[in-house]
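Chemist: Before anything else, here's the structure in question.
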Number of protein chains: 4
Amino acid sequence: MSHNSFGHLFRFTSWGESHGPAVGVVVDGCPPGLVLTPEMVQRDLDRRKPGQSRFTTQRREADEVRILSGVFEDERTDGPRTTGTSIAMMVENTDQRSKDYSEIRDKYRPGHADYTYHQKYGLRDYRGGGRSSARETVARVAAGAVARAVLGDVVVRASLVQVGPHKIDYNNFDWDEVGNNPFFCADKEAAARWADYLDGIRKSGDSVGAIVEVVAENVPVGWGAPIYGKLSADLASAMMSINAVKAVEIGAGFEAAALTGTENADQMRAGPDRPYFLSNAAGGILGGISNGDPVVVRFAVKPTSSILTPRQTVTTENVDTDIVTKGRHDPCVGIRAVPIGEAMMACVLADHKLMHRGQTGREGPVGY
Amino acid sequence: MSHNSFGHLFRFTSWGESHGPAVGVVVDGCPPGLVLTPEMVQRDLDRRKPGQSRFTTQRREADEVRILSGVFEDERTDGPRTTGTSIAMMVENTDQRSKDYSEIRDKYRPGHADYTYHQKYGLRDYRGGGRSSARETVARVAAGAVARAVLGDVVVRASLVQVGPHKIDYNNFDWDEVGNNPFFCADKEAAARWADYLDGIRKSGDSVGAIVEVVAENVPVGWGAPIYGKLSADLASAMMSINAVKAVEIGAGFEAAALTGTENADQMRAGPDRPYFLSNAAGGILGGISNGDPVVVRFAVKPTSSILTPRQTVTTENVDTDIVTKGRHDPCVGIRAVPIGEAMMACVLADHKLMHRGQTGREGPVGY
Amino acid sequence: MSHNSFGHLFRFTSWGESHGPAVGVVVDGCPPGLVLTPEMVQRDLDRRKPGQSRFTTQRREADEVRILSGVFEDERTDGPRTTGTSIAMMVENTDQRSKDYSEIRDKYRPGHADYTYHQKYGLRDYRGGGRSSARETVARVAAGAVARAVLGDVVVRASLVQVGPHKIDYNNFDWDEVGNNPFFCADKEAAARWADYLDGIRKSGDSVGAIVEVVAENVPVGWGAPIYGKLSADLASAMMSINAVKAVEIGAGFEAAALTGTENADQMRAGPDRPYFLSNAAGGILGGISNGDPVVVRFAVKPTSSILTPRQTVTTENVDTDIVTKGRHDPCVGIRAVPIGEAMMACVLADHKLMHRGQTGREGPVGY
Amino acid sequence: MSHNSFGHLFRFTSWGESHGPAVGVVVDGCPPGLVLTPEMVQRDLDRRKPGQSRFTTQRREADEVRILSGVFEDERTDGPRTTGTSIAMMVENTDQRSKDYSEIRDKYRPGHADYTYHQKYGLRDYRGGGRSSARETVARVAAGAVARAVLGDVVVRASLVQVGPHKIDYNNFDWDEVGNNPFFCADKEAAARWADYLDGIRKSGDSVGAIVEVVAENVPVGWGAPIYGKLSADLASAMMSINAVKAVEIGAGFEAAALTGTENADQMRAGPDRPYFLSNAAGGILGGISNGDPVVVRFAVKPTSSILTPRQTVTTENVDTDIVTKGRHDPCVGIRAVPIGEAMMACVLADHKLMHRGQTGREGPVGY
């Protein structure tokens, strides 16, 4: 019941605050013998890193990861390999500007966790949001890199599919475009429009929400564990645990409410080795178990509440006041949620791979 | 890592199949000294019970609960009271029609868990859906009744807010109407329209999806546990674990994606004892911790796939065929999800109440 | 964190009180496809059953198990087989004599859990010890029978090796004798002497302690999970959780304290397929991981405190008094602990088998 | 199911290898608002530190702890205080001598975890024992220091009570002596004799086992959770998880097997506020729940297998060979187990304090 941990057999524990000396993660339960280099982790951390475009926070962090345990290399191991023991990774916080924190120490920022942390615990590390900062997601992304090593040929990718009210056109969807724009967007035309839109938002001192879609391909049939360890339930928990996320859906999601059974149920046909589905309203999950189709999850990220517009709030002494949140903030925090969503999807799948293997002795389905 | 269990300190474990002898639940971690009568559990089970209107399955079950352990009564206890030990409850399955199951034994019903259970485990109890049947939700509702006893004056209620494409009008919202129509709907005008609509759906042999909204009031500030035990993450997991649920949102939910920070962040004002919020886009949760406002969760239930329209599918031998699902089914399974959603909300809150108390020694906030 | 549950991947949850309507267990995480009949469970329950000799309690219970879920049989399954879902089993309590409980209601029996349960929870089900009764071990033995099905050719056996101050002679050790005497004792000569000794104890209205040794053979190298999920740590927890157990040791155990490193370390020699050990001071476990040798655990059971000799105690109102515990009790509760120790060993090993398989993808060692 | 984690509500996760860059721990679930300074942790780490006398390993480590998260200090907090979030602590490994590891790379040391780690995982970090090294106990001791802060006026102390065959005389027992000799021994006369004895053992290149006794005072009635979360079961798991421990007992322990019920059951008398016990054979635990008496646990540590005497073993290629373990080792590893045993006792008690508070809302008994 460690609330800073996520997962069952593949389980990580995260620690660190925005303006403490470092943030880190311990990954437990990773299979032995997998190649794991700092570069494999760094690659994902670099995608999450702040300050890469004018659309994300200007905080400057090298975000260099150190792997402190759980990996061993000698002349026989052909590269650094996981040993099956706990893998600790740490990233130092370097850009913690020395500044006057009295404003956020004494006032609650509306829409932030300031008030609830303070009330729950009676004190809080208010510097940069402390533990509630998105800086914590460094831990997730590092753990996700390990999860990818566990997953082998399962491919986990994500794209921003909506910024403010502006959605992508799925007809333009091209995974190869995701790396070509500052939004991790698979629709290059949408990305171009968003750049203008977000410049306006940024200049007005405001922010907007966004929707991220995460897709996992090559997931075999059979991962997921009814009833309360459903793949869908664990994915919902995973995505909802990300900072600022307020909604999660699988496959047709909320749209399914408006559909009829005739429209919604994915019909099946016999394939050469196993059946296939004629559609994927299920988002790759039936009864909480993967059905072999791509696993499709979308989640909504609310607009950051750190904006330049003055807002009504109260002091920690319960007195009315106003606040303007200055500093380095993201006009659309949803952008940087893209690699984080990928990481959480990878962790959930790695966990269910190991659990399925534990219970059934198989990597994939028992049935065929 | 018991996948048929839900919760941390307040934790229940569910068992039973649709056509087995019984279904049941064991609730562990319940505080001692609470009054718990079979009637308190029965009241909630009766709301979930099938066959109460023409809009739900015609399966006839008495659904009489027996409390088998964890409760004690003598002349000193002033009624049956929980003892702090595990509470076992059981409901016998009485209406398991003897019938020919060869159709669903040999074919996978599209949109059902038949295929994935069979593949994951290599065999399945196909009778009435076996373990994947909504019959399992008896366990949740019974556990939810115990959770209500734990929660005291926290009020957990739910309403159906959308059936197919038809939404309620929130201007008509009246909790007192929920018990007056077969849809658990707080908008009596919507309920009247839905009756006609669903009659059409039912007669056409089809089904539709729905959206349920669950609201908890009187939740103190401070429940919820960052980072991976967020109240929102546990609620997402709880709701997504319900049969046929494909989407979950908190407060503004997916709508938040289209909002600006100015619109979305709930401003605060000083109240007599503590601050209050001018709006509730947050759905009562900030940073994963309750903020004192009503906790608001919505989830989407897909249309049941058990419909009279012939659908393309395959046999368990991977051969193309068609299927028509006969038998007693719900045209809108979302209706009966209303008391189930309440139960899951109650269980999550009871769990977080106990965890908050464990970590902080308080029932509510430490801060004031 | 369900305290009435045991295990990780193979996990059971127990419920029921001595004088409630029934006791039961839910086993979660069992692999699918295993043959599991009521007879397989009944066989172990019958060995634990009270009233089988004059040396155990005269409570008369049929202890007939019902399997309520998780097992399915049709023409294709070649007997009832586990489905991979939760397995519920229940045994009704039939011999709950209606009697006057006021003596144990109003006084704490020394050496019993009466005082601590009452204080911890503020109330208790005092009838026959309620939840603290050894009747709960029905759940363990039933779960253990499922665990044996998981373990396949791993053989788990136990023997009583000491009663009061009287130890067996290991030179006489013969597993085949265990079924031939009322003590589950592998030394028939010791068993004969114990019969006389225990008759004396019984007639004097007193009781004695005992030591049980449990041995598992054919355990492959590699089960167990450092650091806090060591096979030895889980076995220690398992055995210490049994009623009245106050001590646990592995292999040389406490004797190891008096040995030198030269004496204690088991030397190794090359075998045809893998190395073997020249001795087994380690009790089959090194660094928390099985080494291929028999896993050997011993545990001490204290004498039951329910004796006919008057003892000093207090009332629930904290007033001095005396108590004599009448009723049906065991002069040596250690006897019936033998099948319970086997069951707990089987559950721990089944759990670690699944976890090892989950993390490594192997049934046995990765190394060779 | 993180096997490198220990505890439920108060839970720590450990990482690091003997010759990696550092070892560390993340403590999760610690209550907020407690004063926690590096000095409080360092004090306990210094007691565990190697190289403090000629009777422990000559490895030289500063063992300076850094607290990396979970603690916050400003002008209002009156010292550094826990924030309720995860507390990460790290100790760098400084004395990792560069040397030739080929001997232990290619051969299994008898009595060590070399063979089982290698077989379980297919590879191992053999340098200094890697993850199986007692260096890991730095993590436990650091976590234990936090647990002491949680426990307030509960006093946890330990003494070495046996070295090889030589026991202390309990008539000489004086807690104040523990700090006056290199053995953490409460009997100064025994300590004097042990010095001579161990000099002989050390010079002969051999080692011996030991027994440690840990005692917790001021534990209120009511901590512990039946059935599988018994205080005794968690303590057994905690102590058995320590390197080289092969046996654990509570109170009378194995001696209880030889006692009669008349001798063993602790009689009770009415005290001014609550009852008290006339003896403590129970070791402070009845039915898995603390009874208000001192909690007394003893555990046996086997002699280290790293000795200068040549021993028979095999190579990693399964070929017969001999081995002599050179290097810096403890003639009696039991000595340094004393502060480790204290730490584990403190962690178990802190955990049960929080769980009891969570379930019952009380710090101590509900009953009076």
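Chemist: Averaged across D:205-214, how many Cβ atoms of other chains sit within 10 Å of each residue's Cβ atom?
Modeler: That average works out to 4.
Chemist: Can you list residues whose amide H is under 5 Å from C:L34's amide H, if they're 5+ apart or on another chain and H is modeled 1.01 Å from N?
Modeler: C:T82
Chemist: Another question about this same structure. Hey, can you grab everything whose amide H is under 5 Å from the amide H of C:A22? Only 5+ residues off in sequence or another chain; H modelled, so Pro and N-termini drop out.
Modeler: For C:A22, the qualifying residues are C:E17, C:N93.
Chemist: Would you mind giving the total buried accessible surface between chains D and C, with a 1.4 Å probe and ligands, DNA and RNA left out, rounded to the nearest 100 Å²?
Modeler: 9200 Å²
Chemist: When Lys and Arg each count +1 and Asp and Glu each count -1, what net charge do the other residues less than 11 Å away from B:T37, Cβ to Cβ, add up to?
Modeler: Taking every Cβ under 11 Å from that of B:T37, the sum is 0.
Chemist: Over 38 Å apart: what share of the alpha carbon pairs of region D:5-360 falls there, rounded to a whole percent?
Modeler: 19 percent
Chemist: Hey, another quick one. Can you tell me the orientation of helix C:38-48 relative to chain C, as the angle in degrees between its alpha-carbon axis and the longest Cα principal axis, to the nearest 10?
Modeler: Approximately 60 degrees, to the nearest 10.
Chemist: Rank by packing, highest mean first: peptides D:101-111, B:258-268, B:294-304, with packing defined as the count of other Cβ atoms within 10 Å averaged across residues.
Modeler: Going from most to least packed, we get B:294-304, B:258-268, D:101-111.
Chemist: From the backbone phi of region B:153-166, what are the Karplus-calculated ³J(HN,Hα) couplings (6.51 cos²θ - 1.76 cosθ + 1.60, θ = phi - 60°) in whole Hz, Gly and Pro given as x?
Modeler: Working through the residues one at a time gives 8, 6, 9, 10, 9, 9, 9, 6, 10, 7, 10, x, x, 9 Hz.
Chemist: Also, quick follow-up: Through the Karplus equation 6.51 cos²θ - 1.76 cosθ + 1.60, θ set to phi - 60°, convert the phi angles of region D:171-181 into ³J(HN,Hα) values in whole Hz; use x for Gly and Pro.
Modeler: Each residue of region D:171-181 in turn: 5, 8, 4, 8, 4, 5, 7, 4, x, 9, 9 Hz.
Chemist: Cβ under 12 Å from C:I168's Cβ, C:I168 left aside: what net charge do those residues give with Lys, Arg +1 and Asp, Glu -1?
Modeler: -2
Chemist: Rolling a 1.4 angstrom probe over the protein chains, ignoring ligands and nucleic acids, what is the accessible area of A:D100 in square angstrom, nearest 10?
Modeler: 110 Å²
Chemist: With runs of 4+ DSSP H residues as the only contributors, calculate the mean residue ellipticity of the protein assembly as shown at 222 nm using -39,500 (n - 2.57) per run, divided by the residue total and rounded to the nearest 500.
Modeler: Values: 32 runs with 372 residues, N = 1472.
Calculated at 222 nm, the ellipticity per residue is -8000 deg cm²/dmol.
Chemist: What is the dipole size for the protein assembly as shown, taken about its Cα centre, with +1 at each Lys and Arg Cβ and -1 at each Asp and Glu Cβ, in debye to the nearest 20?
Modeler: Charge dipole of the protein assembly as shown: 0 debye, to the nearest 20.
Chemist: Give the angle, between 0 and 90 degrees and rounded to the nearest 10, that separates the Cα long axis of helix A:137-151 from the longest principal axis of the Cα atoms of chain A.
Modeler: In chain A, helix A:137-151 runs at an angle near 10 degrees to the longest axis.
Chemist: When only C-alpha pairs under 8 Å and at least 6 residues apart count, what is the relative contact order of region C:5-360, in percent? Working shown, then result.
Modeler: Numbers: 754 pairs, mean separation 79.4, N = 356.
That works out to 22 percent.
Chemist: May I pose another question? Can you compute the charge dipole magnitude of region B:5-360 about its Cα centre, using +1 on each Lys and Arg Cβ and -1 on each Asp and Glu Cβ, nothing else charged? Give it in debye, rounded to the nearest 20.
Modeler: For this selection, approximately 740 debye.
Chemist: Which residues' amide hydrogens lie under 5 Å from the amide hydrogen of B:D125, considering only partners 5 or more residues apart or on another chain, with H built in the peptide plane?
Modeler: For B:D125, the qualifying residues are B:R131.
Chemist: Using only Cα atoms and rounding to the nearest 10 degrees, what angle (0 to 90) does helix C:337-360 make with the longest principal axis of chain C?
Modeler: Helix C:337-360 and the main axis of chain C meet at about 40 degrees.
Chemist: Quick one: what are the phi-derived ³J(HN,Hα) couplings along region C:210-216, Karplus 6.51/-1.76/1.60 with θ = phi - 60°, whole Hz, x for glycine and proline?
Modeler: Residue by residue, region C:210-216 yields 6, 10, 10, 10, 10, 10, 10 Hz.
Chemist: To two decimal places, what compactness ratio does region D:131-281 give when its Cα radius of gyration is scaled by 2.2 N^0.38 Å?
Modeler: 1.21
Chemist: What does the convex hull of the Cα atoms of the protein assembly as shown come to per residue, in Å³, rounded to a whole number?
Modeler: 163 Å³
Chemist: If you don't mind, there's one more thing I want to ask. Rounded to whole angstrom, how close does the nearest chain B beta-carbon get to the axis mapping B onto C, and which residue is it?
Modeler: Measuring from each Cβ to the axis, the minimum is at B:T13, 2.
Chemist: Might you work out the accessible area of D:L198 for me, using a 1.4 Å probe with all protein chains in place, and round it to the nearest 10 Å²?
Modeler: 0 Å²
Chemist: Per the 1.4 Å probe, what fraction of the accessible area of the protein assembly as shown, in percent, lies on carbon and sulfur atoms?
Modeler: 47 percent
Chemist: Further question on the same structure: So, how do all the Cα-to-Cα distances of region B:83-184 break down into 10 Å bins, in percent, from 0 on up?
Modeler: 10, 26, 28, 27, 9, 0
Chemist: Roughly speaking, what is the centre-to-centre gap between region B:307-368 and region C:78-118 when only Cα atoms are used, to the nearest Å?
Modeler: Comparing the Cα centres of region B:307-368 and region C:78-118, I get a distance of 32 Å.
Chemist: Which distances in nm, rounded to one decimal and ordered from shortest, link the label point of C:V155 to the equivalent label points in the other identical copies, with labels set 7 Å from Cα toward Cβ?
Modeler: C:V155 label point versus its equivalents elsewhere: 5.3, 5.3, 6.7 nm.
Chemist: Can you list the distances in nanometres, one decimal and ascending, from the B:D273 label point to the identical position in each other copy, with the point 7 Å along Cα to Cβ?
Modeler: Sorted ascending, the copy-to-copy spacings read 3.0, 6.3, 7.0 nm.
Chemist: Can you tell me the Rg and Dmax of region B:225-314, counting just the alpha carbons, in angstroms?
Modeler: Rg and Dmax of region B:225-314, Cα atoms, are 17.7, 65 Å.
Chemist: Related question: Net charge within 14 Å of D:A190 by Cβ-Cβ distance, Lys/Arg positive one each and Asp/Glu negative one each, not counting D:A190 itself?
Modeler: -4
Chemist: Roughly speaking, what is the centre-to-centre gap between region B:42-66 and region B:146-197 when only Cα atoms are used, to the nearest Å?
Modeler: 18 Å
Chemist: At what distance in nm do the modelled label points of D:K326 and D:K99 sit from each other, each positioned 7 Å from its Cα along Cα→Cβ?
Modeler: The modelled label-to-label distance comes out at 0.8 nm.
The values are calculated or read from the model by the stated rules, or taken from the named source; none is laboratory data. Just so we're clear, the structure is a prediction, and the values are computed from it rather than from any experiment. All Cβ positions, even for glycine, are placed from backbone atoms using ideal geometry, and neighbour counts span all protein chains on display. We work out accessible area using only protein heavy atoms, side chains counted, and drop any ligands, DNA or RNA first. Shrake-Rupley method; radii C 1.70, N 1.55, O 1.52, S 1.80 Å.
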